[in-house]
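Okay, structure first, notes after.
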Amino acid sequence: VKYAALEVVDDGYGDGSVLEDVQNLLLQALTSHPRDADVLEALGVCYNASRDYDGAVKCFRTAIEVRPNNYELWNKLGATLANSQRSDEALPAYNKAIDMKPRYARAWLNMAISHSNLQNYDDAVRCYLQTLSLNPEAVHCWSYLRIALTCLERWDLLPLISSQDIAAFREHYDFVIQL
């Protein structure tokens, strides 16, 4: 009801895409409610999808000011920073998300990818293992894990990937095994 009066306006300058229409509606909504965290989050997602990473970061940071304990916003901020080649800045955002929700597999995976991007392969391996422990169905993580271990030249651990025996990694890496 709060935004029922909004309507798509074709100003003749855009590309006429649905994404652009949604962005325009969200921008209209922000004119009357500039700190609506839901609108800011949605706009951040749109900006991220259109590769306007600076706009997305600004939206997520403002939404976090409104909802500082929202682990999903912190993860989205981290993902946006990582997407914009700022993996080093993404790590603290992922850490905040994980501090709030330690079993948040998506943030562990995103952190692993950022560590890989920064060539912190030991940390990446630990985070991939934590992701797999939390979400055993994330079988794609085994291939990411293989890449990180290969970069570390840990040929001795590659057979553990073939067997997908996560518990066997405990003697090599510190992570929490979820049952």
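The values are calculated or read from the model by the stated rules, or taken from the named source; none is laboratory data. Just so you know, these numbers come straight off a predicted model, no measurement behind them. We place every Cβ from the backbone using ideal geometry, glycine too, and count neighbours over all the protein chains shown. The area values use the complete protein model at the heavy-atom level, side chains included, leaving out ligands, DNA and RNA. Shrake-Rupley method; radii C 1.70, N 1.55, O 1.52, S 1.80 Å.
3J(HN,Hα) along region 40-53, derived from phi through the Karplus expression 6.51 cos²θ - 1.76 cosθ + 1.60 where θ = phi - 60°, amounts to 4, 5, 4, 5, x, 5, 4, 4, 4, 5, 8, 6, 8, 5 Hz, with x in place of Gly and Pro.
From the Cα gyration tensor of region 58-118, with a ≥ b ≥ c the square roots of its eigenvalues, which class applies: rounded if a/c is under 1.5, or else prolate if a/b is larger than b/c, or else oblate?
oblate
As a calculated quantity, the FRET efficiency between Leu27 and Asp156 at R0 = 45 Å, using C-beta atoms, amounts to about 0.25.
Ordered by 1.4 Å accessible area with all protein chains kept, Leu6, Leu73 run largest first as Leu6, Leu73. What do you get for the angle between helix 105-117 and the principal long axis of the chain? Use alpha-carbon atoms, 0 to 90 degrees, nearest ten. The two axes meet at around 80 degrees.
Computed 3J(HN,Hα) for region 91-96, one whole-Hz value per residue from the Karplus formula 6.51 cos²θ - 1.76 cosθ + 1.60 where θ = phi - 60°, is 4, x, 5, 5, 4, 4, glycine and proline marked x. Annotation: extensible slack from Asp54 through Val176 equals 40.4 nm (criterion: 0.36 nm per residue apart, minus Cα-Cα distance). Decide, for the chain, between rounded, prolate and oblate: order the square roots of the alpha carbon gyration tensor eigenvalues as a ≥ b ≥ c, take rounded if a/c falls under 1.5, and otherwise choose prolate if a/b is larger than b/c, else oblate. Prolate shape, in that a/c is at least 1.5 and a/b is the bigger ratio. Take the Cα of Val139, step 7 Å toward its Cβ, do the same at Glu72, and the gap between the two points is 2.8 nm. Backbone N atoms of region 117-143 closer than 19 Å to the 7 Å Cα→Cβ label point of Gln85 belong to residues 117-120.
Element breakdown for the chain at a 1.4 angstrom probe: carbon and sulfur atoms account for 51% of the accessible area.
Reachable aspartates and glutamates from Lys96, Cα under 12 Å, same-chain residues fewer than 8 places away excluded? Here the aspartates and glutamates satisfying the reach criterion relative to Lys96 are Glu72.
Mind running the shape call on region 119-177? Use the C-alpha gyration tensor, a ≥ b ≥ c as the square roots of the eigenvalues: rounded below 1.5 for a/c, prolate if a/b tops b/c, oblate otherwise. In terms of gyration-tensor shape, rounded.
Summary of the geometry: region 37-55 and region 102-131, compared by the centres of their Cα atoms, lie 24 Å apart.
For the chain, the longest principal axis of the C-alpha atoms and the axis of helix 140-151 are separated by about 60°.
Phi-derived couplings, Karplus 6.51 cos²θ - 1.76 cosθ + 1.60 at θ = phi - 60°, listed residue by residue for region 59-65: 4, 5, 5, 5, 4, 5, 4 Hz, with x used for Gly and Pro.
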